[in-house]
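Read through the structure below, which is laid out as structure tokens, and then see the notes.
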Amino acid sequence: MLGPVILAASRSDKMRRFISAAPGTKQVVDRFIAGETVDQVVPIVEDAADKGLEVTLDVVGEDITTPAQAEAARDAYLELIERLSALDLGTRAEMSVKLSMFGQALEGGHELALANVRPVVEAAAAIGTTVTLDAEDHTTLDSMFAIHEELRKDFPQTGCVIQSYLFRTEDDARRLAEAGSRVRIVKGAYKEPASVAYQDKAEIDKAYVRITRILMEGEGYPMIGSHDPRLIAIAQELGRQAGRKLDEYEFQMLYGIRSDEHIRLAAEGHRMRVYTAYGTDWYGYFMRRLAEKPANLLFFGRSILTKG
């Protein structure tokens, strides 16, 4: 299985230097990363809105080693929110954040991450939008869920992400599927041990369906994060069975992957949100995209051999 190898490489400084210097890297990175600056990403947000799509914006970067870097990540999101305010898109342009960027792994990281993410959530609410807390590896989840619960006291629209490959997730889904909640379900993109996560793709998919059913039958707002046509069709059927209208849940897909499907789902009346990452520290995000799908790796392999 190449996926675990690629995920291990995502933590390697040596591999980071090699991949960054490879001649074909920029071509592939540009497929998944919308740009390096706010100025570059704003036109992409506007174009998505013109096409009837919604976005969630992620300022990439996870290797935070100092409180100053965590504060810089906070400020990058505050700058983004200031620019989004002029677009007046409301929840059609929300944000996704990884608490590792806000200092979660540092000493006193739980309190530090909460202190840094709160002003971002507050600023988002002030312009009529919201924030979703991304899920990272299993060791960070209790902290993430606790911060999510704390933020929802003042900002109940704050969302969170759950991952179908983890054994714990069905119980998390039942707890989270309450009125007013916003929950994104994804398969998961971190290297996890067999003691906490399914290792077989078929088992991960089965869990994804079970969790999607829990969310659809609950009282919250499900966000279906998948590019898999079969899982998308199953989610649509589960939504119908639960009596949900098309605007009572949404689909989410990554920028640069299955763009035609983004348009098709939106044309059918679904809310379709494009997860749009940007920034200069793209390496960890990029490597997980390669690990998720063999076709991405093949595309990168062909490009990396291209001269110039």
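The values are calculated or read from the model by the stated rules, or taken from the named source; none is laboratory data. Since the structure is predicted, the reported quantities are computational estimates derived from the model, not experimental observations. Cβ placement follows ideal geometry from the backbone for every residue including glycine, while neighbour counts extend to all protein chains displayed. Side chains are part of the model used for accessible areas, which takes the heavy atoms of the whole protein and leaves out ligands, DNA and RNA. Shrake-Rupley method; radii C 1.70, N 1.55, O 1.52, S 1.80 Å.
Within the group L87, L57, L53, which residue is of a type in the set (A, V, I, L, M), under 25 Å from G128 (Cβ atoms), surrounded by fewer than 19 Cβ atoms within 10 Å (Cβ to Cβ) and at pLDDT 95 or above? Break it down stepwise before answering.
On the way: L57 fails: surrounded by fewer than 19 Cβ atoms within 10 Å (Cβ to Cβ); L53 fails: surrounded by fewer than 19 Cβ atoms within 10 Å (Cβ to Cβ).
Answer to the selection: L87.
Checking T132 against (1) modelled with pLDDT of 95 or more; (2) assigned to a loop (DSSP other than H, G, I, E, B); (3) closer than 26 Å to I234 by Cα, which single condition isn't satisfied?
(2)
Quick check: is even one residue across segment 241-249 at negative phi, open to solvent by less than 20 Å² (accessible area, probe 1.4 Å) and of a type in the set (G, A, S)? Write out each step before concluding.
Step one: list which residues in segment 241-249 are at negative phi, which gives 241-242, 244-249.
If we keep only those that are open to solvent by less than 20 Å² (accessible area, probe 1.4 Å) too, we end up with 249.
Next cut, of a type in the set (G, A, S) only: none.
No, segment 241-249 has no match at all.
Look at segment 264-276 and say how many of its residues are part of a helix (DSSP H, G or I), touching a residue at least 60 places away in the same chain (Cβ under 8 Å) and either crowded, with 20+ Cβ neighbours inside 10 Å or out of contact with any strand residue (DSSP E or B) (no Cβ under 8 Å at 6 or more places or on another chain) (or both). Lay out the reasoning, then the answer.
Of all residues in segment 264-276, those part of a helix (DSSP H, G or I) come to 264-267.
Right, trim to touching a residue at least 60 places away in the same chain (Cβ under 8 Å) and you get 266-267.
Narrowing further to those that are either crowded, with 20+ Cβ neighbours inside 10 Å or out of contact with any strand residue (DSSP E or B) (no Cβ under 8 Å at 6 or more places or on another chain) (or both): 267.
Qualifying residue count for the region: 1.
Condition check: at positive phi and either modelled with pLDDT of 95 or more or of a type outside the set (D, E) (or both). Does G279 satisfy that? Lay out the reasoning, then the answer.
Values: at positive phi: yes; either modelled with pLDDT of 95 or more or of a type outside the set (D, E) (or both): yes.
Yes, satisfied.
Among the residues of segment 30-47, is any aromatic (F, W, Y) and at pLDDT 60 or above?
Filtering segment 30-47 for residues aromatic (F, W, Y) gives 32.
Now drop any that are not at pLDDT 60 or above, which leaves 32.
There is at least one residue in segment 30-47 that is aromatic (F, W, Y) and at pLDDT 60 or above.
Select from segment 208-225 the residues that are open to solvent by less than 20 Å² (accessible area, probe 1.4 Å) and more than 19 Å from L133 (Cβ to Cβ) and write down the one among them that is farthest from the chain's Cα centre (by Cα).
Among residues in segment 208-225 that are open to solvent by less than 20 Å² (accessible area, probe 1.4 Å) and more than 19 Å from L133 (Cβ to Cβ), the one farthest from the chain's Cα centre (by Cα) is M216.
List pairs: first residue in segment 203-226 and in contact (Cβ under 8 Å) with a residue 40 or more places away in the chain and farther than 19 Å from G180 by Cβ, second residue open to solvent by 10 Å² or more (accessible area, probe 1.4 Å) and of a type in the set (F, W, Y) anywhere in the structure, Cβ distance under 9 angstrom, at least six positions apart or on different chains.
Sorted first by the residue in segment 203-226, then by its partner, the pairs are I204/Y165; I204/Y198; A207/Y165; A207/F167; A207/Y198; Y208/Y165; G225/Y275.
Please enumerate the residues belonging to segment 168-186 that are free of Cβ contacts under 8 Å to residues at least 40 places away in the same chain and open to solvent by 40 Å² or more (accessible area, probe 1.4 Å). Walk me through it before giving the result.
First, the residues of segment 168-186 that are free of Cβ contacts under 8 Å to residues at least 40 places away in the same chain: 168, 171-172, 175.
Within segment 168-186, R168, D171, R175 meet the criteria.
Looking at segment 189-207, which of its residues are open to solvent by less than 20 Å² (accessible area, probe 1.4 Å) and touching a Lys or Arg at 6+ places or on another chain (Cβ under 6 Å)? Can you show your working first?
Taking segment 189-207 and keeping what is open to solvent by less than 20 Å² (accessible area, probe 1.4 Å), we get 189, 192, 197, 205, 207.
Hit for segment 189-207 is A189, nothing else.
For segment 113-142, name all the residues that are surrounded by fewer than 18 Cβ atoms within 10 Å (Cβ to Cβ), of a type in the set (G, A, S) and within 25 Å of G188 (Cα to Cα).
If the condition is that a residue be surrounded by fewer than 18 Cβ atoms within 10 Å (Cβ to Cβ), of a type in the set (G, A, S) and within 25 Å of G188 (Cα to Cα), then no residue fits.
Scan segment 46-65 residue by residue and report those that are touching a Lys or Arg at 6+ places or on another chain (Cβ under 7 Å) and hydroxyl-bearing (S, T, Y).
T56
Please find, among Q163, Q241, Q252, the residue that is in contact (Cβ under 8 Å) with a residue 12 or more places away in the chain, farther than 26 Å from S100 by Cα and of a type in the set (S, T, N, Q).
Exactly one residue qualifies, and that residue is Q241.
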